[in-house]
1. Output the residues belonging to the stretch 113-163 that are surrounded by fewer than 11 Cβ atoms within 10 Å (Cβ to Cβ) and in contact with a helix residue (DSSP H, G or I) (Cβ under 8 Å, 6 or more places away or on another chain).
2. Could you tell me whether residue 122 is at pLDDT 90 or above and assigned to a helix (DSSP H, G or I)?
3. Which one of 41, 33, 48 is over 30 Å from residue 119 (Cβ atoms), within 30 Å of the chain's Cα centre (by Cα), loosely packed, with under 15 Cβ neighbours inside 10 Å and at pLDDT 90 or above?
4. If we scan the stretch 79-95, do we find a residue that is closer than 30 Å to residue 130 by Cβ, modelled with pLDDT of 90 or more and part of a helix (DSSP H, G or I)?
5. Does any residue of the stretch 141-158 turn out to be over 29 Å from residue 27 (Cα atoms) and in a helix (DSSP H, G or I)?
6. Go through (1) over 15 Å from the mean Cα position of the chain (by Cα); (2) at pLDDT below 90 one by one and return the number of the condition residue 25 breaks.
């Protein structure tokens, strides 16, 4: 029961982190652009909406900062139980691509004891659902196996989000 829950939680967190990372990555630049250009332009050309625009940016900023903090805390909590996760994409002789997700997690037994557990999930992935970099590696170099350390990648992404 714990493993599917953790796997589902990991997927939700990963998707949330990706979406927020895009916004968070550019949020400081968006705010700088708004301060340098947008707010001045509005003040000069349509000053009667300036306060509403600033209020909207303020509300959005509060949301983004709060959400980033929630994602960081959730990831830290998940990492207490998710030791490592690696995704491997491998081209089979049939031409199909197999995705293998290997997770090393901490399972809490009924006794309260914490033990490491390895979980492997395999599935066939259609070509158009492969990550773009995996497809590119195959097309450019005929690289038939690509391994991604998901935890390392997400740890780095979270750190960059707060840099």
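1. Listed by number, the list holds a single entry, 162.
2. Values: at pLDDT 90 or above: yes; assigned to a helix (DSSP H, G or I): no.
So residue 122 fails the test.
3. On inspection, the qualifying residue turns out to be 33.
4. Scanning the stretch 79-95, I find at least one residue that is closer than 30 Å to residue 130 by Cβ, modelled with pLDDT of 90 or more and part of a helix (DSSP H, G or I), so the answer is yes.
5. Yes, the stretch 141-158 has at least one match.
6. Tallying (1) over 15 Å from the mean Cα position of the chain (by Cα); (2) at pLDDT below 90, residue 25 fails exactly one: (1).
The values are calculated or read from the model by the stated rules, or taken from the named source; none is laboratory data. All figures in this text were calculated on a predicted structure; none of them were measured in a lab. Cβ sites come from the backbone with ideal geometry, for glycine too, and all protein chains shown count toward neighbours.
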